[in-house]
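Data block below; observations after.
The values are calculated or read from the model by the stated rules, or taken from the named source; none is laboratory data. As the structure is a prediction and not an experimental result, all values here were calculated from the model. Don't worry about glycine lacking a Cβ; one is built from the backbone with ideal geometry, like all the others, and counts go over all protein chains shown. These area figures cover heavy atoms from the full protein model, side chains too; ligands, DNA and RNA do not enter into them. Shrake-Rupley method; radii C 1.70, N 1.55, O 1.52, S 1.80 Å.
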Amino acid sequence: MQTSAKGLPAGYIGRFAPSPTGPLHAGSLVAALASWLDAQAHGGQWLVRIEDIDTPRCVPGADALILQQLAACGLLPDAPPLYQSQRSAAYQAALDALIGKQLAYPCGCTRQDIALALAEAGQPKARHGELVYPGTCRHGLGGRPARARRFQTGNIEQNWPPAHAGHGKVAINLIANLGLDWQDRRLGSQHQDVAQTVGDFVLQRADGLWAYQLAVVVDDGAQGISDVVRGEDLADNTARQILLQRALGLPTPRYLHVPLVRGADGDKLSKQNGAQPLDTGAPLASLNATARLLGLQVAAGGGVGDWLAQAVQQWAALYPPSVNTRP
Ligand code: GLU
């Protein structure tokens, strides 16, 4: 049997996957602490993955700072962090496999093209500020002829391979998937019709950057992640990620989406709405505030180690660990 770094069966592997766009703050600590607690409650491994694929948004040195802040809170990964910026070959292999299976195709649409196609079809323009992709390039790169065929369904083999297969922007084709049900350990049964509510989605951007959906699915698979514990703002991505896992033949982890810390404007706390970097000199104050949001009431006193040990007990009572961590 495969064993973990702690010599335990490698049944549970969790992760915290920060984007290094700035230091850890009260909002990002929630996902860090919750994912760490869940891993400890299961006697499993906890990994950190630095999601530095959106290079223009990354802040140099933020990764090291985040790791220091985690360490000050006693949250130490069981293996050296994985950097997504070093994973291009794996993302390319996954993309090639999807194209080979005719599940992904090049797309030449601009946002304006998509808005125009939707307006012409009298369809609502956006959901969560995102345009629902109408499938314009599914049967060959876009432009007017393809727009005219945009609502045709059918066998993409007839038009395969597309005329400009070298084009950078690639979207996954979801014609085979209408509705998807999944379970969240906190939110319960979830349903999303990806084809209707999102449409085909981008895996590699026109500028060559890898999309979050592809990178997260490839890496969760490569790292053997059994359990994803993250903020509930990401719950809406889960159906897309499960579709991608299926398309790539990867197992689906269990999911638990935790509450968000909100800023004064009611939005998710971020640098933009006033989040302050977590103070490494006073980790217990930050941990206590985060614990309250997670429904834990850890008694003050003692050091970080004692605090964490109590928190693990309480977490295990809230979210009882299961023996079989895969759905
Ligand atoms: N990198 C993402 C973020 O910082 C998290 C991705 C995930 O947990 O799936 O919001």
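Data table
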| item | result |
| --- | --- |
| Residue match in region 275-287 (condition: farther than 18 Å from SER28 by Cβ, in contact with a helix residue (DSSP H, G or I) (Cβ under 7 Å, 6 or more places away or on another chain) and among the polar types (S, T, N, Q)) | no |
| Matching residues, region 240-292, being out of contact with any Gly (no Cβ under 8 Å at 6 or more places or on another chain) and of a type in the set (D, E, K, R) | ARG240, ARG246, ARG254, ARG262, ASP265, ASP267, ASP279, ARG292 |
| Selection from region 37-59 of residues that are within 15 Å of the ligand (Cβ to nearest atom), hydrophobic (A, V, I, L, M, F, W, C) and in contact (Cβ under 8 Å) with a residue 40 or more places away in the chain | ALA39, LEU47, ILE53 |
| Candidate set: region 282-321, residues that are small (Gly, Ala, Ser) and touching a residue at least 40 places away in the same chain (Cβ under 8 Å); chosen: the one surrounded by the most Cβ atoms within 10 Å (Cβ to Cβ) | ALA311 |
| Scope region 255-273; condition part of a strand (DSSP E or B) and either open to solvent by less than 40 Å² (accessible area, probe 1.4 Å) or free of Cβ contacts under 8 Å to residues at least 60 places away in the same chain (or both); matching residues | TYR255, LEU256, HIS257, VAL258, ARG262 |
| Region 190-208: number of residues that are surrounded by 16 or more Cβ atoms within 10 Å (Cβ to Cβ) and in contact with a Gly (Cβ under 9 Å, 6 or more places away or on another chain) | 6 |
| Only listed residue being open to solvent by less than 30 Å² (accessible area, probe 1.4 Å), within 16 Å of the ligand (Cβ to nearest atom), in contact with a Phe, Trp or Tyr (Cβ under 7 Å, 6 or more places away or on another chain) and not hydroxyl-bearing (Ser, Thr, Tyr), chosen from ALA62, ALA31 | ALA31 |
| Total residues in region 68-120, condition farther than 28 Å from ARG246 by Cα, touching a residue at least 24 places away in the same chain (Cβ under 8 Å) and open to solvent by less than 40 Å² (accessible area, probe 1.4 Å) | 7 |
| Qualifying helices (runs of 4 or more DSSP H) (wholly inside region 1-119; at least 1 residues being of a type in the set (Ser, Thr, Tyr)) | 26-41, 88-100 |
| In region 206-254, residue modelled with the lowest pLDDT [restricted to those that are away from the ligand (no atom under 13 Å from the Cβ), assigned to a loop (DSSP other than H, G, I, E, B) and not polar (S, T, N, Q)] | ALA206 |
| Flag if ARG246 is closer than 17 Å to ALA34 by Cβ, of a type in the set (Lys, Arg) and open to solvent by 40 Å² or more (accessible area, probe 1.4 Å) | no |
| Any hit, region 192-202, residues being outside any helix (DSSP H, G or I) and under 22 Å from LEU24 (Cβ atoms) | no |
